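**Student:** Got a structure for you, written out below as structure tokens; questions coming shortly.
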Amino acid sequence: MKKRITSLLLFTTFLITAQEKHKLSTASEFINRSSYVQINMDENEKATFKSGLGETVSFYPSEILDLKLNTKMLGLQVESVYIIGQQGMTTITAKETAWVGLEEIDDLLIWFENYVIPNLESSAGKKKTVKYIFNCEELTLNFEIYNNNQTFSVILNYSNFPDKYFWTKSRVEDIPKIVTALKF
């Protein structure tokens, strides 16, 4: 009997830990609960970053509709395209999506407007690094200043390619475009 209770407790702890690791945004939960989904994304309001390698990350303000229940919600879709291999002269890419729920957007705006954008012209100093990190349910954003160099990274927390993430040094000045997309 004791052995069964111990096993049951261990299994329950495992399930709770596994669920905590894959906590989804409210937007993803809404999509997963819905039988028929329509997602409206405005291409005019998206912010897209390209790396020197040709990888991209796009931020789309989106309206998500449950067509069966006639309900809707807003969210931010983050779409990353990674290079995952090469076959001859052909580059093999993969596309993955993460969502930022509406309840996370205000904090994300504060992070961009109060910490990242004011430091776009900053330098950390010789042999010094300053990092600004924002953790959402499904992704992590990182703005790093090393000496005079700046890097912006977008890491999907539940990627099928955990060693892949988007980063750019050359397009850091485009970060305010994300704020425009968030405010939409």
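**Student:** Being part of a helix (DSSP H, G or I) and touching a helix residue (DSSP H, G or I) at 6+ places or on another chain (Cβ under 8 Å) is true for just one of VAL116, VAL179, VAL130. Which residue is that?
**Tutor:** Details: VAL116 fails: touching a helix residue (DSSP H, G or I) at 6+ places or on another chain (Cβ under 8 Å); VAL130 fails: part of a helix (DSSP H, G or I).
That would be VAL179, the only listed residue that is part of a helix (DSSP H, G or I) and touching a helix residue (DSSP H, G or I) at 6+ places or on another chain (Cβ under 8 Å).
**Student:** Another question about this same structure. Restricting the first residue to segment 170-184 and requiring it to be among the small types (Gly, Ala, Ser), which pairs with a second residue that is open to solvent by 20 Å² or more (accessible area, probe 1.4 Å) meet a Cβ separation below 7 Å and a spacing of at least six or different chains?
**Tutor:** SER170/GLY52; ALA181/GLU45; ALA181/LYS46
**Student:** May I pose another question? Of the residues TYR82, TYR60, TYR36, which single one is at pLDDT below 95, of a type outside the set (Asp, Glu) and farther than 24 Å from VAL172 by Cβ?
**Tutor:** TYR36
**Student:** Also: Select from segment 84-96 the residues that are of a type outside the set (Asp, Glu) and in contact (Cβ under 8 Å) with a residue 40 or more places away in the chain and list them in ascending order.
**Tutor:** ILE84, ALA94
**Student:** Among the residues of segment 143-168, what is the count of those that are free of Cβ contacts under 8 Å to residues at least 24 places away in the same chain and out of contact with any Asp or Glu (no Cβ under 6 Å at 6 or more places or on another chain)?
**Tutor:** Result for segment 143-168: 7.
**Student:** For ILE105, which of the numbered conditions (1) in contact (Cβ under 8 Å) with a residue 12 or more places away in the chain; (2) of a type in the set (A, V, I, L, M, F, W, C); (3) part of a strand (DSSP E or B) fails to hold?
**Tutor:** The single condition ILE105 does not satisfy is (3).
**Student:** Considering only segment 145-152, I want to know if a residue exists there that is under 18 Å from the mean Cα position of the chain (by Cα) and either open to solvent by 20 Å² or more (accessible area, probe 1.4 Å) or modelled with pLDDT of 90 or more (or both). First the steps, then the outcome.
**Tutor:** Looking only at segment 145-152, we keep the residues that are under 18 Å from the mean Cα position of the chain (by Cα), and these are 151-152.
Restricting the remaining residues to those that are either open to solvent by 20 Å² or more (accessible area, probe 1.4 Å) or modelled with pLDDT of 90 or more (or both) gives 151-152.
The answer is yes, given that some residue of segment 145-152 is under 18 Å from the mean Cα position of the chain (by Cα) and either open to solvent by 20 Å² or more (accessible area, probe 1.4 Å) or modelled with pLDDT of 90 or more (or both).
**Student:** I would also like to ask the following. Can you pull out every residue in segment 86-115 that is polar (S, T, N, Q) and under 13 Å from the mean Cα position of the chain (by Cα)?
**Tutor:** THR97 - this is the single residue of segment 86-115 that is polar (S, T, N, Q) and under 13 Å from the mean Cα position of the chain (by Cα).
**Student:** Can you work out which of the residues in segment 165-176 that are within 11 Å of SER51 (Cβ to Cβ) and part of a loop (DSSP other than H, G, I, E, B) is most open to solvent (accessible area, probe 1.4 Å)?
**Tutor:** Filtering segment 165-176 for residues that are within 11 Å of SER51 (Cβ to Cβ) and part of a loop (DSSP other than H, G, I, E, B), the one most open to solvent (accessible area, probe 1.4 Å) comes out as LYS169.
The values are calculated or read from the model by the stated rules, or taken from the named source; none is laboratory data. Please read all numbers here as calculations on a predicted model, not as lab measurements. All Cβ positions, glycine included, derive from the backbone under ideal geometry; neighbour counts span all protein chains shown. Accessible surface areas use protein heavy atoms only, side chains included; no ligands, DNA or RNA. Shrake-Rupley method; radii C 1.70, N 1.55, O 1.52, S 1.80 Å.
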